[in-house]
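The values are calculated or read from the model by the stated rules, or taken from the named source; none is laboratory data. Everything numeric in this text was worked out from a predicted model, so none of it was measured. In this analysis, Cβ positions are derived from the backbone assuming ideal geometry, glycine residues included, and neighbour counts consider all displayed protein chains. Side chains included, ligands, DNA and RNA excluded: accessible areas come from the protein's heavy atoms. Shrake-Rupley method; radii C 1.70, N 1.55, O 1.52, S 1.80 Å.
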Amino acid sequence: MMKKIEQSTIAVIGLGYVGLPLAVEFGKKYPTIGFDINSSRIEELRNGDDHTLEVTPDALKEADQLHYTDQLESLKKANLFIVTVPTPIDEYNSPDLTPLEKSSASVGKVLSKGDIVIYESTVYPGATEEVCIPILEKESGLTFNQDFFAGYSPERINPGDKEHRLPTIKKVTSGSTPEVADFVDALYQTIITAGTHKASSIKVAEAAKVIENTQRDLNIALINELSLIFDRLDIDTLEVLEAAGSKWNFLPFRPGLVGGHCIGVDPYYLTYKAQAVGYHPEIILAGRRLNDGMSAHVASNLVKNMISNDIEVKGANILVMGLTFKENCPDLRNTKVIDVIHELQDFKLNVDVYDPWVDVQEAQREYDVTPIGSPKENYYDGVILAVAHDEFKAMGKEGISRLLKADSLIYDLKYILPREESDIRL
């Protein structure tokens, strides 16, 4: 028998960009356990700090019913489990479900009759019931939809976005039975002020998540391809997009590097499942190939322009400004800036990376790159504005130019500067 919502104790599994904001919101209303296997993360949160900057110290204090732990035994007090672990891709662009499988095994060890397990991690349609549920059954010895139940409510967190926060983003919900679907929907309605959308099944909710970002990926791929065409036609891409954007139904996408934890990853989950059922997706994979190829284009385009401007390529000093996958946040997950850096190094260029938002140790651990503390003046043969951090915008052309030699290039990937103040734009 399921407990009533107001009688529930909630356990949130994984306290990263997705899990922590969720745990905090629930911790304001219900007894909530925030669980993470990273003991240093638990210690950090107990001290009232969040290095992801998604939750402020004041918000952490407001969640007065939230307690943090790295001990699995502590989860036995819970009857609602919400899994928010990462779902990355491997080197072959196939889904890596290892974190999801391990967390399901952990939850299965503490599962009791009447409990509900809700997944928020992005997966392909069918993964919850085909991969996670059998693990829960095996570890718990319980029977699905008889002794315990499941739900799926895909995360929609946008790192660094201070306007669209968890409570103000509409939430898709679903459950393994009609009654559980109603319960899960009602549960999220208690913290989501924007409302919910109850899907008819877990598979529908899973599919909705992957196509949200697949659609964005394809739209950006189209604009990236247009920018490659316009570059060959010697037309400024942004001017074209602004002119076309004067029509009411033209979508305001911009070219760029497509990284991060969602847009550059989720389409591969859908294409993996499509191929598993015998369909080869043409358009989705074409968009992925094009977007993944933009880093090589950026590097080769810079080198081409250096040669055209009689700047010696081999041994030249290049400053890459920005390493995170998006502006004004410290998130390094799946950043494509690192691919630009590697391409530049293949051309035998000396590359400095500057990003005031980045944790240096994390950059070293994840990418073997050590960002510099501050750029040198009158030192660089070229600058790539890779991320539109507010700090870089504030520097303007004057501040950026102080870093450059007399004969040098500014490559603006993010339209930070006016057209006449940059030498190359995407």
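Data for the structure
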item: Subset of the stretch 218-261 [open to solvent by less than 40 Å² (accessible area, probe 1.4 Å), farther than 18 Å from Leu385 by Cα and of a type in the set (Val, Ile, Thr)]; result: Ile220, Ile223
item: Members of the stretch 150-184 found to be farther than 19 Å from Thr122 by Cβ and crowded, with 22+ Cβ neighbours inside 10 Å, listed by number; result: Ala181, Phe183
item: Flag for Gly141 being over 26 Å from Thr271 (Cα atoms), crowded, with 22+ Cβ neighbours inside 10 Å and without any contact (Cβ under 8 Å) to a residue 40 or more places away in the chain; result: no
item: Single residue of the stretch 292-327 satisfying the filter (out of contact with any Leu (no Cβ under 8 Å at 6 or more places or on another chain) and within 17 Å of Cys262 (Cα to Cα)) that is surrounded by the most Cβ atoms within 10 Å (Cβ to Cβ); result: Lys326
item: Long-range neighbours under 8 Å by Cβ, at least six apart or interchain, first residue within 15 Å of Pro418 (Cα to Cα) within the stretch 218-242, second assigned to a helix (DSSP H, G or I) and modelled with pLDDT under 95; result: Asp236/Arg419; Thr237/Asp231; Leu238/Arg419; Glu239/Arg419
item: Near pairs, Cβ below 7 angstrom, 6+ apart or cross-chain, from the stretch 281-306 (farther than 15 Å from Leu413 by Cβ and in contact (Cβ under 8 Å) with a residue 24 or more places away in the chain) to any residue that is among the β-branched types (Val, Ile, Thr) and part of a helix (DSSP H, G or I); result: Ile284/Thr214; Ile284/Thr271
item: Cβ pairs under 9 Å, 6+ apart, first in the stretch 360-388 and over 25 Å from Tyr415 (Cβ atoms) and among the polar types (S, T, N, Q), second open to solvent by less than 30 Å² (accessible area, probe 1.4 Å) and not in a helix (DSSP H, G or I); result: Gln364/Pro371; Thr370/Val353; Asn378/Leu403; Asn378/Leu404
item: Residue within the stretch 134-153 that is assigned to a loop (DSSP other than H, G, I, E, B), touching an Asp or Glu at 6+ places or on another chain (Cβ under 7 Å) and at pLDDT 95 or above present; result: yes
item: Residue that is nearest to Glu377 (Cα to Cα), among those in the stretch 394-426 that are charged (D, E, K, R), open to solvent by 80 Å² or more (accessible area, probe 1.4 Å) and assigned to a helix (DSSP H, G or I); result: Glu398
item: Residue within the stretch 7-14 that is part of a helix (DSSP H, G or I), over 19 Å from the mean Cα position of the chain (by Cα) and modelled with pLDDT under 95 present; result: yes
item: Residue list for the stretch 358-393, filter: over 25 Å from the mean Cα position of the chain (by Cα) and surrounded by 21 or more Cβ atoms within 10 Å (Cβ to Cβ); result: Tyr380, Asp381, Gly382, Val383
item: Residue match in the stretch 348-357 (condition: farther than 25 Å from His261 by Cα, open to solvent by 50 Å² or more (accessible area, probe 1.4 Å) and among the basic types (Lys, Arg)); result: yes
item: In the stretch 15-29, the residues that are open to solvent by 30 Å² or more (accessible area, probe 1.4 Å) and assigned to a helix (DSSP H, G or I); result: Glu25
item: Top-ranked residue of the stretch 231-251 - restricted to ones that are aliphatic (A, V, I, L, M) and in a loop (DSSP other than H, G, I, E, B), ranked as nearest to Arg425 (Cα to Cα); result: Ile235
item: Test result for His197, surrounded by fewer than 22 Cβ atoms within 10 Å (Cβ to Cβ) and in a loop (DSSP other than H, G, I, E, B); result: no
item: Selected residue (criterion: farthest from Asn334 (Cα to Cα)) from residues of the stretch 252-276 that are of a type in the set (A, V, I, L, M, F, W, C) and outside any loop (DSSP other than H, G, I, E, B); result: Ala276
item: Selection from the stretch 103-131 of residues that are within 22 Å of the chain's Cα centre (by Cα) and either without any contact (Cβ under 8 Å) to a residue 12 or more places away in the chain or crowded, with 17+ Cβ neighbours inside 10 Å (or both); result: Ser103, Ser104, Ile118, Tyr119, Glu120, Ser121, Thr122, Val123, Tyr124, Pro125, Ala127, Thr128
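Condition check ((1) of a type in the set (Val, Ile, Thr); (2) under 19 Å from Arg156 (Cβ atoms)) across all residues:
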residue: Val210; (1), (2): yes, yes
residue: Thr214; (1), (2): yes, yes
residue: Asn219; (1), (2): no, yes
residue: Thr237; (1), (2): yes, no
residue: Leu241; (1), (2): no, no
residue: Pro255; (1), (2): no, no
residue: Gly260; (1), (2): no, yes
residue: Val265; (1), (2): yes, yes
residue: Lys273; (1), (2): no, no
